[in-house]
Amino acid sequence: MTNIGFIWKSFKFGLIIVGLLIWASLKTASAQVIRYNGSFQYATGSYYFTERTGSFYFSNGISISGDKSSISLSIPFIAQNTPWVSNVGTGILPTGGPKNSMVGDSSSGGKRRGNRNIDLGTSDTLSYTETNFGDPSLSASIEVLSTKDQKTTISANGGIKLPLANPQKGFGTGEWDWGGGLSWSQHISSKTMLLTSGMFWKLGDMDDLDFNNIITYSAALGQSFSNGKWMAIISFSGTTQIIDNIDPPLTLGSGVNMQASDKVSLNSNLSIGLTESASDVSIGVGWSLKL
C-alpha cells in the first residue's frame with residue numbers, strides 16, 4: 001500500500017527540485033544553455049533468476065545549465081523480454097516485477113539457498129516482449145564550492161523519480177524514489193580528472209518487497225586527448241545493500257566522450273556487473289545537442 005507520509009516527503013522533495021530549477025533560471029538567465037540529451041542502452045543478465053532478461057532503453061531528455069547550476073528531465077522508453085527487472089531511481093534493479101513477493105521470500109531465506117536461482121516461471125514469459133515508457137526522472141545540481149583555479153569543484157545533487165510506469169510490466173516499482181548527495185571533481189593535471197560522488201536514496205517499496213534506504217557511490221578517472229576533443233573514462237559504481245540478504249549491484253565501466261562540435265557531443269559506454277544483482281553486460285551510446 002502507498003505510504004501517505006512517504007508520498008508527502010516525496011512531494012516536498014519534488015517542490016525543492018522545482019524551486020532549484022526556478023532559482024537556477026533566475027540566477028543564470030544571461031548564461032543559460034539548453035540541451036537535448038538522448039541515449040540508447042542495452043543491458044542483459046540473468047541476475048538471481050533462472051531466466052535471462054534483456055532490457056533496451058531509449059532515453060530522451062532536456063537540460064538547462066548555467067555557470068554553477070543545472071537541472072535535467074529524462075524519460076526512458078523501455079523494451080524487455082521479461083517483467084522481472086524494474087527501473088528505479090538508481091538504475092536497473094531485479095525485483096521480480098509482478099512476482100516481487102518471491103524475491104521478498106528469497107531475501108528472508110525462504111526460497112533461495114546457496115547459489116540456487118529463483119524460478120519465477122516461464123509460461124507467462126513465453127514469447128514475451130513488452131514496450132512502454134518508464135518513469136520520468138528529474139535531477140538538479142548546484143556548485144557549492146570551487147577553487148579559484150577551477151581545479152577542485154564540489155556540487156550538491158538531487159534527484160527524484162516519478163511513479164508513472166506500470167510495475168506489473170517491469171517498467172517501474174509504482175512508487176516514488178528520491179535522493180540527494182554530493183559530487184567532487186578534481187583536475188589532477190591539465191588532461192586528467194577524477195570524479196567521485198555519493199548520494200542517499202529513499203526507494204519506494206513494492207507491494208511485497210521492501211527496499212532499504214541506501215547510499216550510492218561512484219568514482220571515475222578521465223583522460224583527455226586531442227586538446228580536449230576526446231576523453232577516455234574508467235569507472236566503478238555501487239550501492240549499499242538494497243534488498244536484505246542479496247548482494248547489492250557493483251559495476252565496472254569504461255567509456256569514451258567526443259566533442260564533435262561546439263553544439264554536439266557524443267559518448268559511448270560499456271559496463272560489466274561484478275555481482276549477480278547487476279546486469280552482466282550493459283552497452284550504450286548517447287548524444288547531447290546544444291539548442
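If I take every Cα pair under 8 Å that is 6 or more residues apart in the range 158-234, average their sequence separation and divide by the length, what percent do I get for the relative contact order?
Working: 147 pairs, mean separation 17.4, N = 77.
It comes to 23 percent, rounded to a whole number.
Given a cut-off of under 8 Å on Cα pairs at least six residues apart, what relative contact order in percent is computed for the range 220-263?
Working: 61 pairs, mean separation 16.4, N = 44.
Relative contact order comes out at 37 percent.
Which aspartates and glutamates, if any, have their Cα less than 19 Å from the Cα of LYS169, not counting same-chain residues under 8 positions apart?
The qualifying aspartates and glutamates are GLU51, ASP119, ASP124, GLU130, ASP135, ASP177, ASP205, ASP207, ASP208, ASP210.
Convert each backbone phi in the range 245-250 into a coupling constant with the Karplus relation 6.51 cos²θ - 1.76 cosθ + 1.60 (shift: θ = phi - 60°), then list the ³J(HN,Hα) values in order as whole Hz, x for Gly and Pro.
Once θ is set to phi - 60°, the couplings for the range 245-250 become 6, 10, 4, x, x, 10 Hz.
Between PHE236 and SER254, 0.36 nm times their residue separation minus their Cα-Cα distance comes to what?
Working: separation 18, 0.36 × 18 = 6.48 nm, distance 0.88 nm.
The span from PHE236 to SER254 would gain 5.6 nm if fully extended.
Using a Förster distance of 30 angstrom, determine the FRET efficiency expected from the C-beta separation of GLN168 and SER46, and round it to 0.05.
Values: r = 21 Å, r/R0 = 0.70.
FRET efficiency, GLN168 to SER46: 0.90.
Search the structure for amide H atoms under 5 Å from the amide H of THR275, placed 1.01 Å from N in the peptide plane, and list their residues when 5 or more places away or on another chain.
Those lying under 5 Å, H to H, from THR275 are LEU250.
Every number here is computed from the coordinates shown, using simple stated rules; none is lab data. Please read all numbers here as calculations on a predicted model, not as lab measurements. Cβ sites come from the backbone with ideal geometry, for glycine too, and all protein chains shown count toward neighbours.
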